[in-house]
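To start, the structure itself, in structure tokens.
The values are calculated or read from the model by the stated rules, or taken from the named source; none is laboratory data. Owing to the predicted nature of the structure, the values given are computational and were not obtained by experimental measurement. Cβ sites come from the backbone with ideal geometry, for glycine too, and all protein chains shown count toward neighbours. Remember, those area values only see protein heavy atoms, side chains included, never the ligands or the DNA or RNA. Shrake-Rupley method; radii C 1.70, N 1.55, O 1.52, S 1.80 Å.
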Amino acid sequence: MSATPTTLFPLPIDDILPDVLADLRRVPNLALAAPPGAGKSTRVPPAILHHVLNATDKLLLLQPRRLAARGLADRIATEQQWRLGEEVGYHVRFERRAQRSTRLIVQTDGMFLRYLADNPWLEGVGAVLLDEFHERSLNIDLALALCRRVQAEYRPDLRIVVMSATLDVAPVAAFLPNCAIRQSAGRTFPVEIHHQRLVDSRQWQTAICATVRDTAVRTPGHVLVFLPGVGEILACQRELRSWAEAENRLLLPLYGDLPLERQATVLAPADRQKIILSTNVAETSLTIDGVTAVIDRGLARVLRQNPASGINQLQLERISAASATQRAGRAGRTGPGVCIRLWSESEQRGLAEFDTPEIERVELSGAVLQVLAWGENDAQAFPWFSPPPAAKIEQALQLLRALGALEMGQRLTPLGWQMSRLPLQPRLARLLLAGKEWGMNQPAALLAALLAERDPFAMNSGRPGETTGQSNIRPLRQPARSGHVSRSDVLDRYEELRAWAQRQSGGDFWQGQINPQAAKAIIRASEQLQRQLDDLAEIDTPTGAPVTDEEEALLRLILTAFPDRVARRRGPRDSRALLVGGRGVKLLSSSAVQDAELFVCVDMQETGGSEALVRQASAIEESWLDNSLLSESTILSFDATRERVIALRERRYLDLPLAAAPTSIPEELRPAASELLAAQARLDPRQVLAATENLTTFELRLATLRRAMPELNLPAIDDSFWQILLPELCMGLSSFAELRQLPLLDRLRQHLGYDKCVLLDREAPEKLTVPSGSRITLEYSAEQPPILAVRIQELFGLRETPRIAGGRLPVLLHLLGPNFRPQQVTGDLASFWKNTYPEVKKELKRRYPKHSWPDDPLTATPERKGGGRGW
């Protein structure tokens, strides 16, 4: 390998390179912050390779983006006067340009994780440099944690360098012991910021293109336009093409899937002004010389897990303030520049300060699989750089179990090991391996690539699962064939793509509405996947017997990848369905899956409402479901019409009900049935119990005594009391009818206990004995004193009003005539005898001469003649 070239043009990083090298000779770890354009990515790795590592050690430089990895390797080769693929190379998904002797390899972080699975101790690697760490991709976070684990457990000589454009070095330095910290100045010029709010966001394309044309004539250098995705890039490219040709401008797209030769055109010097339409790949990962104007739409597509469905979805979101600063800085690399932000200053103040780390946003099954493949046996205990919530790790483990990747505890199955070696998310890796078992490598590879890559049939050219929010749902293109019904939206696309690949043109089904660039990327990816699948050793996978019918096999492969996305239609041809997990879903009208009772929700989109929308579905048969995920159980429910607990023998897939039939309540579920009955009764105890007269009287007696003698601490017989007592009452029962037949008064007295019942009977008796010897029932009420309705003759000789509750509460006397009608209501019997009785006697004696009407009732003998209430 040649010595370090001495003719390199100076960059700001050169000033601190000696310090960086001295640090790494002294300590194993370094955190380096340097703004874009400082030269850290191209100058630091070769310097470490030359002056720190042994002559045979390799250096791995990690990049979060494929485009940046390829471009960076090419730039290092140019600066160092090396040959790309020999002294320096790159390894990205589906593409490797390096040989065994190559010592400096630029890798995407995803490829590094797979490399680490094959070489867990990083033998032969002297240093790992993690570049663009501020982007905080899930893979870069995981790569740092794994490198630190290797260093701590096996390789104390391994050097770890974390580099970033906007890095808060304190957390990294805290995570990496013996970590030096360095910071490089950038070389930037002032950038004038203008805010230009879009009045009508629906006309964004017209507004951006107008801004591009206006800016191009006002700036001396190139114009860099930041757009959220490939669809927006292609739309603006179409609108600007004729203008660019007429004005002799070079109109260039820039995005992650761009082939290396077209990327080189963007980065190479040009003799005319370049108009570069780019995703956020140009934010920090790539340096484009000569840009003096930036036009920023202020949006990016961010991968985020929806908490309701657990699905990773690309969501169109506002960028952070840090990203906006990075984008603007691209205009000040070679001289003063201008940045036009297509949002208002008030909107700028509302931007989040930094981007949320991806590990906090996405589903983690891929990361957990890599951790376990490396050799960890507990993903929860793994020392993550930024530990995710435990619930998200458990969710990832559940998916891996459903895919057959895990066995006892968190140990990988042979299938799980194979899945970890494929450059796909676990779902699609599982699909590929099932295809290999059935001898369908090529169809499985094409199907997996179709599901993994950008959808060639999407109107917005977004990736699978992309959503832009409820207010901007972008449907997939619908087939031109009106009223088309099929078993699978995915297979419709698969067949059309396969037909397109054979004749390189759009088929009749979509009337040629296929994105050729996206289609070519899928074909290229499928070919790479097939080669990798061909190279994998055969293993015994638990997919079942081979399937000879290709359509059925493909449908079953889709199920294999999405075992947790099975839904059951709520009714024949109903667009609504119930998903595993209990989530409601609704098939969009663009879906051709109209008849299947069971289907897989392949492409789902959240709307913020109660139901997720299914844009692509794929029918399945119940017989295809994994037997290990099927169960039968007896389910108890309450039939409100019959007022009883009923039992259903239910068949489920995971937690999704498939079928149910009535059955008797088994003995072992009797206690649960009683609990369910009690729970229903507690909602309205009074209505359920339908209290009898004696039960009501008992409750009123107790309430009266509680008011009169609070020191006794008697319980209140109210809804709360019955709610406590109902579980006991319902034991062994399954219906309200049985409950109402219980001797509730006896059960109530039993619950109160003997002492309290004796006290109640003494101080708030059900009946009082009057002078005649009759026992008269007291009429208790909720608020008033109890009423004693008694014939006047039965009270002769009684001087004072009877009292209860230890003499504290006088009863209210309803004094009855011989006809048992009240003649006087009083709470003062003595006053009645003295003042009122003489008048009452005159009237009643005339009407009822046969009854006793003594002049002195206090000395007269009481009479029971004629009977009376309460005897």
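Going through [x] 30.1; [y] 32.7; [z] 33.7, the figure that equals Kirkwood radius over Cα pairs in Å as computed for the structure here is [z]. Taking Cα centroids, how far is the range 340-380 from the range 184-198 in Å? Measuring centre to centre over Cα atoms gives 26 Å.
Close amide H contacts of Leu251 (hydrogens built in the peptide plane, cut-off under 5 Å, sequence separation of 5 or more or a different chain): Ile275. For Arg670, the solvent-accessible surface with a 1.4 Å probe is about 90 Å², rounded to the nearest 10. Using Cα atoms only, what is the angle between the long axis of helix 40-51 and the major principal axis of the chain, expressed in degrees (0 to 90) to the nearest 10? Long axis of 40-51 versus the principal axis of the chain: about 70 degrees. Sorting the segments 771-778, 287-294 by their residues' average number of neighbouring beta-carbon atoms within 10 angstrom, most packed first, yields 287-294, 771-778. Excluding same-chain neighbours fewer than eight residues apart, the lysines reachable from Lys842 by a Cα-Cα span under 21 Å are Lys834, Lys850, Lys865.
With the cut-off at under 18 Å, measuring from each backbone N in the range 251-289 to a point 7 Å along the Cα-to-Cβ line of Arg531 picks out 258-261. Applying 0.36 nm per residue to the separation of Lys842 and Gln380 and subtracting their alpha-carbon distance, the gain on full extension is 156.7 nm. Summarising the amide proton neighbourhood of Ser488: residues at separation of 5 or more, or on other chains, whose placed amide H is nearer than 5 Å comprise Ala619.
Overall form of the range 547-635: oblate. Here a/c, set by the Cα gyration tensor axes a ≥ b ≥ c, is 1.5 or more, and a/b is not larger than b/c. Rounded to the nearest 10 degrees, the angle from helix 489-503 to the longest Cα principal axis of the chain is 10 degrees.
On the basis of the beta-carbon distance and an R0 of 41 Å, Asn248 and Gln442 show a calculated FRET efficiency of 0.35.
Relative to the longest principal axis of the Cα atoms of the chain, the long axis of helix 670-681 lies at roughly 80 degrees. Placing pseudo-labels 7 Å out from each Cα toward the beta carbon at Leu648 and Tyr115 gives an inter-label distance of 5.5 nm.
Per-peptide packing, taken as the mean over residues of other Cβ atoms within 10 Å, places 35-43, 272-280, 19-27, 204-212 in the sequence 35-43, 272-280, 204-212, 19-27 from highest down. Of the residues Glu192, Glu79, the one with the largest accessible area comes first in the ranking Glu192, Glu79, computed with a 1.4 Å probe on protein heavy atoms.
Taking a ≥ b ≥ c as the square roots of the Cα gyration tensor eigenvalues, the range 1-157 comes out rounded, since a/c falls below 1.5.
Residue-wise HN-Hα couplings along the range 637-645, as the Karplus relation 6.51 cos²θ - 1.76 cosθ + 1.60 with θ = phi - 60° gives them from phi, are 8, 9, 8, 5, 5, 8, 6, 7, 7 Hz; Gly and Pro carry x.
With all protein chains in place and ligands, DNA and RNA left out, the 1.4 Å accessible area ranks Arg707, Arg791 as Arg707, Arg791, largest first. At an R0 of 30 angstrom, the distance between the Cβ atoms of Thr206 and His484 translates into a FRET efficiency of 0.35.
Database remark: amide H of Ala180 closer than 5 angstrom to the amide H of Asn29, Leu30, Ala31 (H placed geometrically; neighbours at sequence offset of 5 or more, or on other chains; Pro and chain starts carry no H). Note on the chain: helix-only mean residue ellipticity at 222 nm, from DSSP H runs of 4+ residues weighted -39500 (n - 2.57) and normalised by residue number, equals -10500 deg cm²/dmol. Counting only heavy atoms of the protein chains and using a 1.4 Å probe, Asp118 has close to 100 Å² of accessible surface. Take each peptide in 145-156, 437-448, count the other Cβ atoms within 10 Å of every residue, and average; sorted highest first, the result is 437-448, 145-156. For the range 727-871, a Kirkwood radius taken over Cα pairs fed into Stokes-Einstein (10 °C, viscosity 1.306 mPa s) yields D = 91 µm²/s.
Stretched out straight at 0.36 nm per residue, the stretch from Asn835 to Ser610 would grow longer than its current Cα-Cα span by 73.4 nm.
Using the Cβ-Cβ distance between Glu239 and Asp214 with R0 set to 22 Å, the FRET efficiency from 1/(1 + (r/R0)^6) comes to roughly 0.95.
Each of Trp722, Trp121 has its accessible area taken with a 1.4 Å probe; listed largest first, they run Trp121, Trp722.
A simple spin-label model places pseudo-atoms 7 Å from Cα toward Cβ; at Thr861 and Phe354 they are separated by 10.5 nm.
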